[in-house]
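> Shown below is the structure under consideration.
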Amino acid sequence: MTSSIEMPCDGCGQNSSPGHIAARLKRLEWSTRNRPVHIQTLLLCAASQPEEREFLYSPNCDFGGEAGRVLEVAGIGAGGKAVDAVQAEFQRAGFFLTPVLECAFETESQGGAERLSLLERRLPAMGTRIRRSLKPKRVALISVELEAVAQKIAAMELGCPVVLDSGKPFALDGLNGHEAAKRLREALAIRID
């Protein structure tokens, strides 16, 4: 009889099963394939999307939800285009979407305090990744769930400015996501060098 030992995932801190790790590695492969050489704007969300069709870099993405909103920010329409063509256009525009937690929350029943704890524990590693690897020109926070840690992220030495919506993340995943996307698009129209 073999037993399975769950250990914390190094991408999110949640207990991980072999399926959890496999899904994370698949998302990392897709993201890496679509990462711009020079990232103009890093769009930072709280956690990865739970379904492949909702994950921007998935070959099966339907460009709904978060994926649709970030395309809206970038001024990219997905209608009638192949998935890889849309992803390539997003990449050429210098945008890169990445989560603080590289995995989706395991269950919807996880409470706010547990989710906040996972986010806070992951911030130092995320900051290091932004500074040393991603090196964007600017970072924009786009998830409601990042509101509790927005000021901590803004205070980190990321090597670039953090774009906020009156001190809060642009809530692309909130009730008025289209309005938040419009405000972020306007904020990003300010040229950076």
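> What does the charge count near residue 79 come to, summing +1 for each Lys or Arg and -1 for each Asp or Glu among other residues with Cβ under 13 Å from its Cβ?
With Lys, Arg at +1 and Asp, Glu at -1, the neighbours total -2.
> Ranking 183, 132 by Cβ neighbours within 10 Å, fewest first, what do you get? Let's see the in-between values first.
Values: 183 17, 132 9.
Starting with the residue having the fewest Cβ neighbours, the order is 132, 183.
> Rounded to the nearest 20 Debye, what is the dipole magnitude of the range 8-188 about its Cα centre when Lys and Arg each give +1 and Asp and Glu each give -1 at the C-beta?
For this selection, approximately 780 debye.
> Taking only the alpha-carbon atoms of the range 8-188, what semi-axes of the equivalent ellipsoid follow from 5 times the gyration tensor eigenvalues under a square root, in whole Å, largest first? Intermediate values should be presented prior to the final figure.
Values: eigenvalues 96, 80, 53 Å².
Gyration-tensor ellipsoid for the range 8-188: 22, 20, 16 Å.
> In whole Hz and in residue order, list the ³J(HN,Hα) couplings for the range 151-163 that follow from phi through the Karplus curve 6.51 cos²θ - 1.76 cosθ + 1.60, θ = phi - 60°; x for Gly and Pro.
Ordered by residue, 3J(HN,Hα) equals 5, 5, 5, 4, 7, 5, 8, 8, x, 7, x, 9, 8 Hz.
> Given points 7 Å out from each Cα along the Cα-Cβ axis, report the residue 176 to residue 7 separation in nanometres with one decimal.
Each label point lies 7 Å from its Cα, and together they span 4.7 nm.
> Based only on other Cβ atoms within 10 Å, what is the fewest-to-most ordering of 7, 156, 126?
Least crowded to most crowded, the residues run 7, 156, 126.
> Quote to one decimal, in nm, the extra length available between residue 154 and residue 52 on full extension: 0.36 nm per residue of separation minus the C-alpha distance between them.
Working: separation 102, 0.36 × 102 = 36.72 nm, distance 2.99 nm.
Extra length from residue 154 to residue 52 when fully extended: 33.7 nm.
> I've got another one for you. What order do you get for 58, 117, 133 when you list them from fewest to most C-beta neighbours inside 10 Å?
Sorted ascending by nearby Cβ count, the order is 133, 117, 58.
> Using 0.36 nm per residue of separation minus the Cα-Cα distance, give me the extension gain between residue 35 and residue 137 in nm, one decimal.
Here the segment from residue 35 to residue 137 would lengthen by 35.3 nm.
Each reported figure results from applying straightforward, stated rules to the coordinates on display, with no laboratory input. If you're wondering where the values come from, they're calculated on a predicted model, not measured in any experiment. Cβ coordinates were reconstructed from backbone atoms using ideal geometry, including for glycine residues, and neighbour counts include every protein chain displayed.
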